[in-house]
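Quick notes on the structure that follows.
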Amino acid sequence: MSDAIRSANDTVANNTVAHDDSVFGAEEMELNFGPQHPSTHGVLRLKLKVDGERIVDCYPIIGYLHRGTEKLFELNPFFQNVPHTDRMDYVAAATNNLAYVGAVEKLIGLTVPPRASYIRVLLCELQRISSHLLWLATHAIDIGAMTPFFYCFRERELVLDLFEQYCGARLTLNCMRPGGQPFDLPHGWVDTCREFLELFPAKIDEYENLLTNNRIWKKRTIGIGVLSPEVAVEYGITGPMLRASGIDFDLRKAMPYEIYDQVDFEVPLAENGDTYDRYLVRMEEMRQATRILEQCLDQLPEGALMAKKARVLKAPKGGEVYHGIEGPKGEIGFYIVGDGKPIPHRCHVRAPSFINLQSLPELVSNHMIADLVAIIGTTDIVLGEVDR
Amino acid sequence: MPGLLQWLDEFAGPTLFEFAVSPTLKILALLFLFVLPLISYIVLAERKILGYIQARVGPNRVGPWGLLQPIADVVKLLLKEDVIPVRAVRWAFVLAPCLVVAPAFVIFSVIPFGPPSTGEGAPNWFITDVNTGLLLVIALATIGVYGLIIGGWASNNKFSLMGGLRSAAQMISYEVPQGFSVVVPILLAGTLSLVGIVQAQEGHQLFGLLPRWFVFHPTGIFAFFVYMVAGIAESNRNPFDLPEAETELVAGFHTEYSGMRFALFFLGEYANMIVVSAIAVTLFFGGWLPPFDFLGMAFLPMGLGGVLWFVTKLFAFLFVYIWFRGTFPRYRFDQLMDLGWKWLIPMALILVVLTALLKLLFPS
Amino acid sequence: MSDREPPSKPPSEAPAETPTEPTASVPSAEEEAAKKAEAAAKAKAAAEAKAVAVAKKAAIEAAKPPWERDAVTPTWEEAGEDPLAVAMATKFGEAILSARSYAGDLTLEVELGSIAKVAAEFKARHGFTFLVDLCGADYPDREKRFDVVYQLHSFTSGRRIRLRVTTDEETPVPTVCEVWKAANWCEREVYDMYGVRFEGHPDMTRILLWEGFNGHPLRKDFPVEGIDTGAAIYPEYYEDEAGPITGTGTGWMQPKPPVEADEEAGE
Amino acid sequence: MSAVKRFLDRIMLLDLFTGLGVTAKNMFKKKHTVQYPEERWEPADRFRGMFRLDEDRCIKCTLCARDCPIDIIYIDWHSEKNEVTGKKQKLLTRFDIDVQRCMFCGLCEEACPTEPKSIWLTSKSYELASYDRWSNLYVDMDDLMDWKIRPDYTDEEIR
């Protein structure tokens, strides 16, 4: 047997029960959870120590989807990096784009025309809805409810259709450029969007009827994976997870970017920081997103879409900025250092999934394996973003 | 064929024929003519109904409306490679699926699908009427759990092992309330024979408005509830499908199984589902009895009307199973135990006592 | 990289100069003097016109909405009176190397050894309980080539600041894991990508790349096309030709349609 | 009142029946399946699908190749005298796109200075699956000029 085969066998053996006396004497079992597991939402791998079904220890191993995006950023001119940002959090491309172009605009000092700003917010809120829908779908199926998965995808399809009509892609949008928007809204887009907004709240009610009061759902989620506000801040957690723990921090309110200071919306908060609260906060966020969208459609101004000379961008040498926005999963930010050239010297991504995932060992300790799945579900990670 | 039977008859003598050969042939006939087609089409129905619940259409490519899909599935499963993991315990790995399927199929021998023979060439619509039929059902259902445990252990995979352990705990704890809840109809009917229990449910109550099925009995309805919950748990179906919870344990006890061996587990699960539904129909919903006499379809020959009623009720139960699967999330392991031990068992015990008291106070 | 810019010329805004016509006759002195005067007058007029044009342009520019004006690129400014910078400078003195701001973000450069103390001070006294981000950067021209950058947020003042330390390849950076737990994975990532070690970190291992990876990919001198991993550097683990291999880096292989290749060979 | 309601909720399993009601209602609603080979999804007008190239419009500026973030467009051109007009003109020697690596970002189309664009992605052809990525997804000039939207499936292919 060659060495290569032996090493492959060793990894197999890692997932099997050892045939020795220690089986009956041992207290804890090591369980390799992932990277190929239906509910790790990608290629997350967890090394678990379990005592029966109870998790004693959890050690996440990531990097299976590492593509060196940050290295790629250093090779391309600013506007060519936008498609690469799509592929980090691939279920929320618009917010990734906005974080990136926002950072570039801040670095260079570009001002974006108001119409472009409104279109950006429209796209981002739609993206928030679609990302939350995908989260709900997978989270519900993790807990065993199969049907919400299909309902969520049914509505998500409508959002993706809107994206497709706007920029020609459904998932990897590439829909923003430093300095503004590359295209205007197509004819009839506003009406289609309004139709969707009229229909969508009823659909949220439908999901809630299926899940929110369901006793099994409540039993599976209430008190599971409690994240206290202190711990949440300590771990740098952002987004709905942080707000479910009761900390009123939303970048759209705290440091308004684009035109978020001109629309009226509420930031949903919860108190307990458990899985159920995270679920409730995200559901409410979808409703608030529809509110923002309606206001944006009402206020949508006419006018230019691109700032002047936005295509020929040279970043000042040594200039550095950090710009974060509120993505569906938390604060997604870009730290960009200029080089006096049209390419960034350094472009770092603050990936919300990456930082939120860090708290997983704390959340799952002393829970059961079934809870682990529920907790991974509400952490709402996308491995493309964790590994970049 | 008749020659062969005659030869068997002469060779083995009437006793052997009556007690061994004839039931075996009947069981096989029932299996291949009724149960296996039923199971494969229930699988199709499940996929179709789930599809309709979930805003899609389900399988519709093979044959008209996908009606040939089960055949395609079976052929696929038969032709697939049968993988046995290197470090699996071979004999146990091979034995486990059989242990699941065989008892589930044997139970069908005592289920009355229709009325007993009324003469005039009408057959008995059951294979045998054992006077301890219900005990047999419970006993046989218990064997099935060994298949799951052995399968989970023999695969030599941690997820399988956990699935096996879960199923062991779950099925053993839910057999208790199931057994107790079954006592209620036994008390009401005064017999263990399944045919006898159905016959005890004939007639009407409340001035002929309600059939005298045990589900309409004041304690019977709660017994039915307990039986149904325990039965769903017994057959490992949603919301109690923990042993094979695909999002937690990959596929639970049958993670390592493939091809026909996996199909056997699959058959076992669906056979169990049918058995639980059939027993529920028999015990609580009056078996082959129509709700009202004028709906009895007595014009059909050979008691087929009764069979039709039985099958209709059976399908209603199976539909509910599928409907549940399309709606509910899954319980957690400890919550499942909680429900079983803290709620269902006390409830079933109280029901047994209550029923006995009622029976004492109102003997009619 | 300038060749990547589109060559389309920006619309010329200044009016084109009128070319001077060459005269055929031999100029006399008078004519020359007159011509000179004329030229001087012309030049004066041109200068005046230019000034007017510039003023006009400025006026037009000012009247334009901000997105049509030229981008106002931010520059580094000394923080000076910023109370936070002053407070830290008085507390730590020499350890704060500089306090500047760019595009409104205050950046403190901190001396390598005292970053953990400064961070703890920020968290305890100034309410910067939230570590937004921690990342590295590589400046190969400098002697101390690596930066480690900390982005902090304070919920109480709603303010963001940036700390920065500079280090070289050998010197480890004191960890801030004890200050913010969020720093744990971020520091591991910096180690993974740049090889900057953190002193006192509970689990200083690679995070995104595999344990045996040979190199730190975000360093500027790391080849973009990747390095050879697998058989070439781990002969004890892999047989020849086995294990992960390196690509050409460009991802580009010329497909060889078999028919055409044969034809070329035949010719 | 709320106590009564809570009690009823607990005993009557109302929450579970609400859920069952939702699924039952949806059983009779419109189905969203698209029966693929027979009915096809129609992309939006701006949908970024397979490339098209118009050689006559192309001015051989190679801007699309430069703006491609992953450099998968390969262009060579040469000058040649037009035999009819006698003028020198640029001609494409090669215009290849390695579509297997393409991420359909559309930056090449955006970079194209001609009006209308000489390279565009709005061809609405999305059926790019192929058995052999090297030969089928590496498209040269002829393919780009004359990209056939995938012909309708034959009965055999459906089976």
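The values are calculated or read from the model by the stated rules, or taken from the named source; none is laboratory data. These figures come from a predicted structure and were not determined experimentally. Quick reminder, even Gly has a Cβ in these numbers, built from the backbone with ideal geometry, and neighbours come from all protein chains shown.
Answer yes if at least one residue in the range A:177-199 is closer than 30 Å to residue C:185 by Cβ and not in a helix (DSSP H, G or I), and no otherwise. So far as the range A:177-199 goes, yes, one or more of its residues are closer than 30 Å to residue C:185 by Cβ and not in a helix (DSSP H, G or I).
For the condition crowded, with 16+ Cβ neighbours inside 10 Å, in the same structural domain as residue B:247 (by TED's automatic domain parsing), out of contact with any strand residue (DSSP E or B) (no Cβ under 8 Å at 6 or more places or on another chain) and modelled with pLDDT of 85 or more, residue B:350 does not qualify. The set of residues in the range D:1-56 that are within 16 Å of residue A:150 (Cα to Cα) and in a helix (DSSP H, G or I) comprises D:19, D:20, D:22, D:23, D:24, D:25, D:26, D:27.
Taken residue by residue, the range A:170-190 has at least one member that is surrounded by fewer than 20 Cβ atoms within 10 Å (Cβ to Cβ) and of a type in the set (Asp, Glu).
Whenever a residue of the range C:203-221 is farther than 23 Å from residue C:183 by Cβ, it has no partner that is among the acidic types (Asp, Glu) and modelled with pLDDT under 85 lying with C-beta atoms less than 8 angstrom away and at least six residues away or across chains. Selection of the range B:30-54 for residues being in contact with a Ser or Thr (Cβ under 8 Å, 6 or more places away or on another chain) and at pLDDT below 85 yields only B:30. Against the criterion of being surrounded by fewer than 19 Cβ atoms within 10 Å (Cβ to Cβ), at pLDDT below 85, away from chain A (no Cβ under 14 Å) and not in a loop (DSSP other than H, G, I, E, B), residue B:172 qualifies. Do we find that residue C:149 is touching a strand residue (DSSP E or B) at 6+ places or on another chain (Cβ under 6 Å), in contact (Cβ under 8 Å) with a residue 60 or more places away in the chain and either in the same structural domain as residue C:118 (by TED's automatic domain parsing) or of a type in the set (Ser, Thr, Tyr) (or both) in this structure? No; evaluated as a whole, the condition is false for this residue.
Scanning the range A:71-90 for residues that are under 30 Å from residue A:47 (Cβ atoms), surrounded by 23 or more Cβ atoms within 10 Å (Cβ to Cβ) and touching a Leu at 6+ places or on another chain (Cβ under 8 Å) yields nothing.
Applying the set (1) within 14 Å of another protein chain (Cβ to nearest Cβ); (2) at pLDDT 85 or above to residue C:76 leaves exactly one unmet item: (2).
All of (1) at pLDDT below 90; (2) farther than 13 Å from residue A:175 by Cβ hold for residue A:92 with one exception: (2).
For residue B:218, the test of being more than 14 Å from chain A (Cβ to nearest Cβ) and farther than 22 Å from residue B:131 by Cα is passed. At least 2 residues being aliphatic (A, V, I, L, M) and within 11 Å of chain A (Cβ to nearest Cβ) is the threshold, and among the strands (runs of 3 or more DSSP E) wholly inside the range C:108-207 those reaching it are C:130-138, C:146-154.
Among the conditions (1) farther than 29 Å from residue D:16 by Cβ; (2) of a type outside the set (Phe, Trp, Tyr); (3) away from chain C (no Cβ under 14 Å), the only one that residue A:224 does not satisfy is (1).
A quick yes/no check of all residues on (1) more than 30 Å from residue C:101 (Cβ to Cβ); (2) away from chain B (no Cβ under 14 Å); (3) outside any loop (DSSP other than H, G, I, E, B):
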{"position": "A:48", "(1), (2), (3)": "yes, no, yes"}
{"position": "A:67", "(1), (2), (3)": "yes, yes, no"}
{"position": "A:76", "(1), (2), (3)": "no, yes, no"}
{"position": "A:112", "(1), (2), (3)": "no, yes, no"}
{"position": "A:117", "(1), (2), (3)": "no, yes, yes"}
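In the range B:304-328, the residues that are not assigned by TED's automatic domain parsing to the domain that holds residue B:277 form no Cβ pair under 9 Å with any partner that is surrounded by fewer than 18 Cβ atoms within 10 Å (Cβ to Cβ) and among the charged types (D, E, K, R), whether six or more places apart or across chains. Looking only at the range A:137-153, residues that are under 13 Å from residue A:374 (Cβ atoms) and not hydroxyl-bearing (Ser, Thr, Tyr) come to 7 in all. Close contacts from the range C:177-190, counting a first residue that is closer than 22 Å to residue A:67 by Cβ and a second that is basic (Lys, Arg), with Cβ to Cβ under 8 Å and a gap of 6+ residues or different chains, come to C:188/C:206. Considering the range B:11-114, the qualifying helices (runs of 4 or more DSSP H), each wholly inside and each with 1 or more residues that are under 21 Å from residue B:148 (Cβ atoms), run over B:36-53, B:69-79, B:90-106.
The residue pairs whose first member lies in the range B:31-54 and is in the same structural domain as residue B:237 (by TED's automatic domain parsing) and free of Cβ contacts under 8 Å to residues at least 24 places away in the same chain, whose second member is surrounded by fewer than 17 Cβ atoms within 10 Å (Cβ to Cβ) and small (Gly, Ala, Ser), and whose beta carbons are closer than 6 Å, counting only pairs six or more residues apart or on different chains, do not exist in this structure. Here residue A:232 does not fit the description of being more than 13 Å from chain C (Cβ to nearest Cβ) and among the small types (Gly, Ala, Ser). Do we have residue A:300 as in contact with an Asp or Glu (Cβ under 9 Å, 6 or more places away or on another chain), modelled with pLDDT under 90 and either more than 30 Å from residue A:210 (Cβ to Cβ) or at the interface with another protein chain (Cβ under 9 Å from one of its Cβ atoms) (or both) here? Against the criterion (in contact with an Asp or Glu (Cβ under 9 Å, 6 or more places away or on another chain), modelled with pLDDT under 90 and either more than 30 Å from residue A:210 (Cβ to Cβ) or at the interface with another protein chain (Cβ under 9 Å from one of its Cβ atoms) (or both)), residue A:300 does not qualify. Scanning the range D:115-146 for residues that are more than 18 Å from residue D:46 (Cα to Cα) and either of a type in the set (Ser, Thr, Tyr) or modelled with pLDDT under 70 (or both) yields a count of 9.
Can you name every residue in the range A:150-175 that is within 9 Å of another protein chain (Cβ to nearest Cβ) and assigned to a loop (DSSP other than H, G, I, E, B)? Once the filter is applied, which keeps residues that are within 9 Å of another protein chain (Cβ to nearest Cβ) and assigned to a loop (DSSP other than H, G, I, E, B), the range A:150-175 yields A:168, A:169, A:170, A:172, A:174. Here B:263, B:271, B:316, B:233 are screened, and the one residue that is of a type in the set (A, V, I, L, M) and within 14 Å of chain A (Cβ to nearest Cβ) is B:233. Which residues, taken from the range A:226-257, are more than 19 Å from the chain's Cα centre (by Cα) and either crowded, with 20+ Cβ neighbours inside 10 Å or over 30 Å from residue A:112 (Cβ atoms) (or both)? Within the range A:226-257, A:226, A:228, A:229, A:230, A:231, A:234, A:246 qualify.
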